[in-house]
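The values are calculated or read from the model by the stated rules, or taken from the named source; none is laboratory data. A quick note: this is a predicted structure, and the numbers were derived from the prediction, not measured. With ideal geometry, Cβ positions are generated from the backbone for all residues, glycine too; neighbour counts draw on all protein chains shown.
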Amino acid sequence: MPEKVDLLLTGGAVVTMNAAYDLYENGAVAVQGDSIVAVGPADEVAAAYDAAEVVDCTGQVIMPGLVNAHTHVPMTLLRGLNDDLRLDVWLGYLMPLEREFVTPAFVKLGTRIACAEMIRSGITSFADMYYFEEAIAEETAVIGMRALLGQTILIFPAPDAPTYEDGLILCRRFIEKWNGHELIQPAVSPHAWYTATPELLRACADLARAFDVPLHTHIAETRFEVDSCREQHNMPTIPWNAKNGVLDTKLLAAHCVHLDRGEMYDLEKAGAGVAHCPTSNLKLASGIAAVGQMLEMNLNVGVGTDGPASNNDLDMFEEVRLAALLAKTQSNDPTVLPARQALELATIRGAKAMHMDDVTGSLEVGKRADIAVVDMDGVHNQPHFNNHADAVYSRLVYAAKSTDVAHVMCNGRWLMRDRDLLTVDEAQAKADAAQVAEEIDAFVLERESSPYNKLVLLSGVQRQESFEIQVKVPIADDASVLAAIDGDQLEIVKRSHYKQYDQYFMFDRHDPDAARLRYREDEFVNDAGEVFQARSRLTLIGEEERQAFPNAVMLSRSRFLAEADRTLRFYREYFDPMAEVEVHKDRRRWRVLYQGTDFAINLDDVTRPQMDGYFLEIKSRTWSRTDAERKAELMTELLELLGVDPETAVTEDYAGLAFAAM
Ligand SMILES: [Zn+2]
């Protein structure tokens, strides 16, 4: 008497991806409830089971649903927004935008779009990391996909957590609520060690261990990241993560592009998973992970699309093919990562990397029914050779396309039949996404409208509210000025000596008063001429009215300061100036009191571009315009005291002088 089951998929080639790589050329899979109850030759399974629904899969492949081991699903809504940028600049653009737009509704819509795309690509499980992971979980569960969802925690203010302590609380609540759900596996996601403090990494690891949930993070994505880890912590990225407890968790490490053999060994020993993201690594020029070596060590490597802002799609067929091709080139050996093993990465090994292989990743009795059925009759996949059994892997990895996927089931529930999505209203989701894109477009246009807006969005700025009054005079020789400074009419409050390296970004070639951004590095020099301290600052100058007092004393407002914690190269690519001017100078500076009023005197030797003699500058600040006028008069007196003719003052600043000299 045949046993009753809900569903029988029969007549297709069954690719099980079990430990023995069993294949059934004319096979069948029986499903009862959410689970697989039989896998085998079609006639045997048909004889043993009486199914309520029978799907004829003749000419098709019945395979495990694909596993996307690393992504950021809501970023579908940012797809194509910032392409062709370096990772740090790309993040520089993205993070402020995310703070502005990312809400629970945003991530739900992004998840919906991503799930629709992933189901069409035969994916049934994915590993995510983003903000408002709770909303992502709700949406994913409604749509019916399986997912490892990591609540992101980082030191910067996030859209869902102003501080990382808030992020940790959010993450704990998320885990408490979702742990044990049939589809959703909650996880802890410190974004990366470089956006975390050691305390934060440790707290994340402790949280993951306390609940026995995976920890999903980015590790060793770029050479730059690894170099900075060595610089800051005297060790590469895996030992640093290990030192902070990360390897004591069920770790899923995304990227792992720049690891040495010892680090790979440590990951393997820790039972960690690696999410290899070939397209993202190529697009951001991060490098090519040594997947061949990792597999030699039997490391659990999965394949991930990464977020659609750096891919730009969620097509696992494309991703697994690229993984196979790259592994060969990376190791100079075409036998590395053959088709069957490549498919393993996208199925059972990916599930192992996500620590979810007990429920998904292969077609085996007792596992959940996560299944994709793929057409094999497309002209791009003809003809078929049958002289060796493994040909089906070659067809799937090297020729099949995501558009060949006909049916998808997850947890025993149909998500797609004959290419019709059953749990997502695709048309509505597309229309909603178009609406969001319109809003983001408006935001970006506003940001691009001025360097000020770009600066504010990047780092926030401190406005220097005071009026700045200054005068600048070229002088041939510094001896008489030095003598006068040491005279008894001035009280010296402080002296300093530094080398100043200024890079001015100009945004309008023709208007000298237009806004310019100055990136300044100060190197403080001691009496022995040695540099003992350095700092970098950004100053946005202008878009203001400058007013000239008599004798070329200038009054200016609207200076905005920001700490420059990124490289000059970053700012160049982010602000994209029309022209640049470089000014280097040796500056001796005195803070003095003259008639009870505070002034700064600079004696500058401009070394780039080479300028003859010196420049004497006197500066002061105030909150009041009347006071500014009073100080302007005092400055003229001070010039005379220093033996300099006020009539010879110049109105241009160094950028203007250097620009004219170019
Ligand atoms: Zn990522």
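Any residue in region 329-345 that is touching a Phe, Trp or Tyr at 6+ places or on another chain (Cβ under 8 Å) and either aromatic (Phe, Trp, Tyr) or within 16 Å of the ligand (Cβ to nearest atom) (or both)?
So far as region 329-345 goes, no, none of its residues is touching a Phe, Trp or Tyr at 6+ places or on another chain (Cβ under 8 Å) and either aromatic (Phe, Trp, Tyr) or within 16 Å of the ligand (Cβ to nearest atom) (or both).
Do you know which residues across region 191-237 are surrounded by 15 or more Cβ atoms within 10 Å (Cβ to Cβ) and of a type in the set (Gly, Ala, Ser)?
192, 196, 203, 205, 208, 220 - these are the residues of region 191-237 that are surrounded by 15 or more Cβ atoms within 10 Å (Cβ to Cβ) and of a type in the set (Gly, Ala, Ser).
Could you tell me which of the residues 275, 289, 270, 285 is more than 18 Å from residue 191 (Cβ to Cβ) and either at pLDDT below 95 or in contact with a Gly (Cβ under 6 Å, 6 or more places away or on another chain) (or both)?
From the options 275, 289, 270, 285, the qualifying one is 285.
Could you give every pair whose Cβ atoms fall below 7 Å, whose first residue belongs to region 269-281 and is in contact (Cβ under 8 Å) with a residue 12 or more places away in the chain, and whose second residue is among the β-branched types (Val, Ile, Thr) and in a helix (DSSP H, G or I), counting only separations of at least 6 or pairs across chains?
276/291
Could you check region 167-207 and list, in sequence order, the residues that are within 16 Å of the ligand (Cβ to nearest atom) and charged (D, E, K, R)?
none
Assess whether residue 210 counts as being among the hydrophobic types (A, V, I, L, M, F, W, C), away from the ligand (no atom under 16 Å from the Cβ) and touching a Gly at 6+ places or on another chain (Cβ under 6 Å).
no
Restricting attention to region 270-286, and to residues there that are of a type outside the set (A, V, I, L, M, F, W, C) and crowded, with 21+ Cβ neighbours inside 10 Å, which single residue is nearest to the ligand (Cβ to nearest atom)?
Restricting to residues being of a type outside the set (A, V, I, L, M, F, W, C) and crowded, with 21+ Cβ neighbours inside 10 Å, the top hit is 280.
Of all the residues that make up region 287-324, how many are at positive phi, surrounded by fewer than 21 Cβ atoms within 10 Å (Cβ to Cβ) and within 16 Å of the ligand (Cβ to nearest atom)?
Final tally of qualifying residues: 1.
Filter region 486-506 down to residues that are of a type in the set (A, V, I, L, M) and assigned to a strand (DSSP E or B) and give me whichever is farthest from the chain's Cα centre (by Cα).
492
Any chance region 64-77 includes a residue that's more than 16 Å from the ligand (Cβ to nearest atom), closer than 21 Å to residue 412 by Cα and touching a Leu at 6+ places or on another chain (Cβ under 7 Å)?
Checked against the condition, which is being more than 16 Å from the ligand (Cβ to nearest atom), closer than 21 Å to residue 412 by Cα and touching a Leu at 6+ places or on another chain (Cβ under 7 Å), region 64-77 yields at least one hit.
Taking helices (runs of 4 or more DSSP H) that fall entirely within region 557-662, which contain at least 1 residues that are basic (Lys, Arg) and not assigned by TED's automatic domain parsing to the domain that holds residue 90?
Here the list reads 568-575, 625-641.
Just the residues that are of a type in the set (Val, Ile, Thr), surrounded by fewer than 18 Cβ atoms within 10 Å (Cβ to Cβ) and either under 14 Å from residue 23 (Cβ atoms) or touching a helix residue (DSSP H, G or I) at 6+ places or on another chain (Cβ under 7 Å) (or both), please, taken from region 380-420.
Within region 380-420, none qualify.
Output the number of residues of region 560-587 satisfying the condition of being loosely packed, with under 15 Cβ neighbours inside 10 Å and either more than 13 Å from residue 519 (Cβ to Cβ) or over 27 Å from the mean Cα position of the chain (by Cα) (or both).
Within region 560-587, residues that are loosely packed, with under 15 Cβ neighbours inside 10 Å and either more than 13 Å from residue 519 (Cβ to Cβ) or over 27 Å from the mean Cα position of the chain (by Cα) (or both) number 4.
Report whether or not residue 202 is over 15 Å from residue 246 (Cα atoms), modelled with pLDDT of 95 or more and in the same structural domain as residue 304 (by TED's automatic domain parsing).
Here the answer is no, as residue 202 does not meet what is asked.
Failed condition for residue 58, given (1) within 30 Å of residue 180 (Cα to Cα); (2) more than 16 Å from the ligand (Cβ to nearest atom); (3) in contact with a strand residue (DSSP E or B) (Cβ under 7 Å, 6 or more places away or on another chain), with all others met?
Single failed check for residue 58: (1).
Take the residues in region 124-141 that are outside any helix (DSSP H, G or I) and within 16 Å of the ligand (Cβ to nearest atom), then tell me which one is farthest from residue 317 (Cα to Cα).
The qualifying residue farthest from residue 317 (Cα to Cα) is 131.
Would you check which residues across region 220-258 are in contact with a Phe, Trp or Tyr (Cβ under 7 Å, 6 or more places away or on another chain) and either among the hydrophobic types (A, V, I, L, M, F, W, C) or within 16 Å of the ligand (Cβ to nearest atom) (or both) and list them?
225, 229, 237, 240, 241 - these are the residues of region 220-258 that are in contact with a Phe, Trp or Tyr (Cβ under 7 Å, 6 or more places away or on another chain) and either among the hydrophobic types (A, V, I, L, M, F, W, C) or within 16 Å of the ligand (Cβ to nearest atom) (or both).
Would you confirm, using the coordinates I've provided, whether residue 85 is at pLDDT below 95 and in contact with a helix residue (DSSP H, G or I) (Cβ under 8 Å, 6 or more places away or on another chain)?
yes
Going by the conditions given, is residue 261 under 22 Å from the mean Cα position of the chain (by Cα) and more than 15 Å from the ligand (Cβ to nearest atom)?
No, not satisfied.
Looking at (1) more than 24 Å from residue 476 (Cα to Cα); (2) surrounded by fewer than 19 Cβ atoms within 10 Å (Cβ to Cβ), which is the only condition residue 628 fails?
It fails just one condition, (2).
Checking residue 349 against (1) within 30 Å of residue 249 (Cα to Cα); (2) assigned to a loop (DSSP other than H, G, I, E, B): exactly one of these is not met. Which one?
(2)
Considering only region 103-139, state which residues are among the basic types (Lys, Arg) and buried (at least 24 other Cβ atoms within 10 Å of the Cβ).
112
I need the full set of residues from region 488-509 which are of a type outside the set (A, V, I, L, M, F, W, C), closer than 21 Å to residue 571 by Cβ and at pLDDT below 90, in order please.
Matches in region 488-509: 508, 509.
If you check 33, 92, which single one turns out to be out of contact with any Cys (no Cβ under 9 Å at 6 or more places or on another chain) and surrounded by fewer than 17 Cβ atoms within 10 Å (Cβ to Cβ)?
Just one listed residue meets the conditions, 33.
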